[in-house]
1. Out of VAL63, VAL22, which single residue is touching a helix residue (DSSP H, G or I) at 6+ places or on another chain (Cβ under 8 Å), more than 14 Å from the ligand (Cβ to nearest atom) and under 26 Å from ASP149 (Cα atoms)?
2. Can you say whether TYR52 is within 16 Å of the ligand (Cβ to nearest atom), out of contact with any strand residue (DSSP E or B) (no Cβ under 7 Å at 6 or more places or on another chain) and hydroxyl-bearing (Ser, Thr, Tyr), as far as the supplied structure shows?
3. Residues that are within 30 Å of PRO231 (Cα to Cα) and touching an Asp or Glu at 6+ places or on another chain (Cβ under 6 Å): find the helices (runs of 4 or more DSSP H) completely inside region 242-338 holding 1 or more of those.
4. Taking region 234-259 on its own, how many of its residues are more than 14 Å from the ligand (Cβ to nearest atom) and of a type in the set (A, V, I, L, M)?
5. Would you mention how many residues in region 283-308 are within 20 Å of ALA101 (Cα to Cα), β-branched (Val, Ile, Thr) and in contact (Cβ under 8 Å) with a residue 60 or more places away in the chain?
6. Any idea how many residues of region 134-151 are free of Cβ contacts under 8 Å to residues at least 60 places away in the same chain and surrounded by fewer than 18 Cβ atoms within 10 Å (Cβ to Cβ)?
7. Can you pull out every residue in region 439-464 that is closer than 23 Å to GLN309 by Cβ and in a loop (DSSP other than H, G, I, E, B)?
8. Only residues that are more than 11 Å from the ligand (Cβ to nearest atom) and crowded, with 24+ Cβ neighbours inside 10 Å: list them for region 221-233, please.
Amino acid sequence: MKLFNTLTRKKEKFIPIQEGKVKMYVCGPTVYNYFHIGNARPFLVFDVLRRYLEYKGYDITYVQNFTDVDDKIINKAKEEEKKPGEISEKYIEEYFKDADALGIKRADVHPKVTENIEEIIGFIKKLIEKGFAYEVNGDVYYNTTKFNDYGKLSKQSVDELESGARVEVNTTKINPTDFALWKKQKPGEPAWDSPWGEGRPGWHIECSVMSTKYLGETIDIHAGGQDLIFPHHENEIAQSEAFSDKPFAKYWIHNGYITIDNEKMSKSKGNFFTVRDILKEFNPEVLRFFLLSAHYRNPINFSRELMDQSKNALERLYNTKGNLEYLIDNAEKIEMNGEERKAYTHFTSYKDKFIEAMEDDINTADAIAAIFELVKEINTNISSDSSKGFMEMTYNIFNELTSVLGIVSKQKEVLDEEIEKLIEERQQARKDKNYSLADKIRDDLKEKGIVLEDTPQGVKWKRI
Ligand SMILES: [Zn+2]
């Protein structure tokens, strides 16, 4: 498999440090609000990278942190007259609700900053001892001029960075590009005891510390949104490599931006969408499908029109799955014949196409196209005349590919039972000439996104 490595700006062959194992760290959310669609993209595309690596048989250890101490959390707590801890706990819970709905698998560890303060202090102490950090009046800064490789990820020299750095008033930093590892407590802010007095960690240090603690000094993949390349990931490299004298991460993977109706998303423009808002209108899988319909490194534009298109496309996949299930259940022939065997071999070429796309830097756009080519073939080649063996094998390919992307994944069995029961009740109501009840059941089902069709084979249903 090839992955585009931001560190080298090249697509590189993926070779894990330890055979068969992948250690992966993804920067998680700052928990002060529901997460928005821009945050959703990295969580989702790296979930697919993880699923694909698992599909290939790798044993993955996946870590995604929660930033639960931050100015934004402190400000929100002041606004709502709550403790910062109450805000972060609430939005961690809300994060899981939305992430679970989107089918984002939970990480093996979701560490929090507040649970790693001791390790953070130890890490900073070592950076000071090694001459990479300095303390001024209760603040600790990283000295960027001491780390020779500073700028290697964002491809900027310290000189370039210095001339571009914002001039800060009253700063005690030695160089403009130096950044805070530890911040002295301001009145009313949460703080912990440290060798430099009461204070709290800067933002960047948490990921260096938690990645090292849970995955080791050198990991395979470090990932996040492209806006994190500088300064966050640049600073993580500076901290970790100064600490361990080893490379921090082998592959740095970043996803592209999201625009809303071709404009940059911003609160002031009123085009700021939380996932929670979108899920009020759309099935979570529609959003998942939409975000995977572009290559993760390309920008993606969110619009109602494109969401509607995604909904229709996903519906086609559900219909194919539903039809196959119906035909398998009602098949008269069991054994595959020669022609079906040939057709099946041809179907497997779409699996090859799918894998080829995913091997090429997780090209989900092309992978989805391969699934639709397969669907077209299924729809023309499979009918009530097909054998059960042929259809089951085809069904397995379809499921194998869609589950790598985490789509068309609804727990059908549970839902089916409920729907079948309601359909039976509706049939009974019609027999009893209780048409108002029959209509009500039809409407209730419609609200659940289920449309009924009366066919010569009986009542069939499909999802909308
Ligand atoms: Zn991070």
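The values are calculated or read from the model by the stated rules, or taken from the named source; none is laboratory data. All values reported here derive from a predicted model rather than from experimental measurement. Virtual Cβ from ideal backbone geometry, glycine too; neighbours counted across all protein chains shown.
1. One residue alone meets the criteria, VAL22.
2. Taking the combined requirement at face value, the residue does not satisfy it.
3. Ranges flagged: 275-281.
4. Summing the residues that are more than 14 Å from the ligand (Cβ to nearest atom) and of a type in the set (A, V, I, L, M) in region 234-259 gives 2.
5. 0
6. Looking only at that region, the number is 4.
7. LYS448, GLY449, ILE464
8. ILE221
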